[in-house]
Amino acid sequence: MSSGKGQSAGPRWTQTWLGGARAAGADLGRPGERFGFPRSGRGAIAGYGRRLVALFVDWGLSMLVASLLARAFDWSSAQRSLWTLVIFGIQAWLLIALAGTTLGKRLCGLRVVRLDGRPVGLAWALARTLLLLVVVPALLWDRDYRGMHDRASNTAVVNL
């Protein structure tokens, strides 16, 4: 460890691997740059915060619908939980396919777009939703803030 001017207190090897590729000097560009998305504003790659809020809104609405159905049909808590997941999947699939956004994404000013500019469509939205329901692919992000579910469906989440 060095205490000279301009040098940090930690060992050099931790500064590289703990800081990621950018700390090692890699020029990764900004999120969305390689696909031609703007730096900020409408059409720019959306950040994590609003995406997470949109997910919670969509999940909360699915829980609400499942709870109402559980009361009407006298479901157990396990059935209600399963139906929450089913309702979440159906609304995500259909709303992304037909409108490019879910209720939560719309409230947060987000939209799902295909990288080639075409509508997402039923097939790609289904693939994206099925991977989203598995959860793990959505947690693995690339430098463009795209989860594996977005990469598999050739989509990105952008600002409205």
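The values are calculated or read from the model by the stated rules, or taken from the named source; none is laboratory data. None of the values given here were measured: they were computed from a predicted structure. Don't worry about glycine lacking a Cβ; one is built from the backbone with ideal geometry, like all the others, and counts go over all protein chains shown.
Checked against (1) farther than 24 Å from Phe35 by Cβ; (2) crowded, with 20+ Cβ neighbours inside 10 Å, Gly147 passes all but a single condition, namely (1). Could we say that Arg111 is of a type in the set (Lys, Arg) and over 20 Å from Arg128 (Cβ atoms) here? Here the answer is no, as Arg111 does not meet what is asked.
Given the condition closer than 20 Å to Ser40 by Cβ, of a type in the set (Lys, Arg) and part of a helix (DSSP H, G or I), answer yes or no: does some residue in segment 80-94 qualify?
As a first pass, look at segment 80-94 and keep what is closer than 20 Å to Ser40 by Cβ: none.
No: segment 80-94 contains no residue that is closer than 20 Å to Ser40 by Cβ, of a type in the set (Lys, Arg) and part of a helix (DSSP H, G or I).
Figure legend. Inter-residue proximity from segment 81-98: first residues farther than 11 Å from Ser62 by Cα, second residues crowded, with 19+ Cβ neighbours inside 10 Å and hydrophobic (A, V, I, L, M, F, W, C), beta-carbon distance below 6 Å, spacing 6+ or different chains. Indicated pairs: Trp93/Ala125; Ile96/Val112; Ile96/Val120; Ile96/Ala125; Ala97/Val120; Ala97/Ala125. Within the option set Val120, Val136, Val113, being within 28 Å of Gly29 (Cα to Cα), among the hydrophobic types (A, V, I, L, M, F, W, C) and in contact with a Lys or Arg (Cβ under 6 Å, 6 or more places away or on another chain) holds for one residue only, Val120. Here Ala138, Ala97, Ala152 are screened, and the one residue that is of a type in the set (A, V, I, L, M, F, W, C), modelled with pLDDT of 95 or more and assigned by TED's automatic domain parsing to the domain that holds Phe37 is Ala97. Might you let me know whether segment 59-73 holds any residue that is part of a loop (DSSP other than H, G, I, E, B) and under 14 Å from the mean Cα position of the chain (by Cα)? Scanning segment 59-73, I find no residue that is part of a loop (DSSP other than H, G, I, E, B) and under 14 Å from the mean Cα position of the chain (by Cα), so the answer is no. Within segment 86-120, restricting attention to residues that are surrounded by fewer than 18 Cβ atoms within 10 Å (Cβ to Cβ) and among the small types (Gly, Ala, Ser), the residue that is farthest from Ser67 (Cα to Cα) is Gly117.
Pro119 passes every criterion in (1) touching a strand residue (DSSP E or B) at 6+ places or on another chain (Cβ under 8 Å); (2) modelled with pLDDT under 95 apart from (1). The residue that is modelled with the lowest pLDDT, counting only those in segment 17-74 that are on the phi > 0 side of the Ramachandran plot and surrounded by 10 or more Cβ atoms within 10 Å (Cβ to Cβ), is Gly20. Looking across segment 98-123, the residues that are closer than 23 Å to Gly49 by Cα and part of a helix (DSSP H, G or I) come down to Ala99, Leu103, Gly104, Lys105, Arg106, Leu107.
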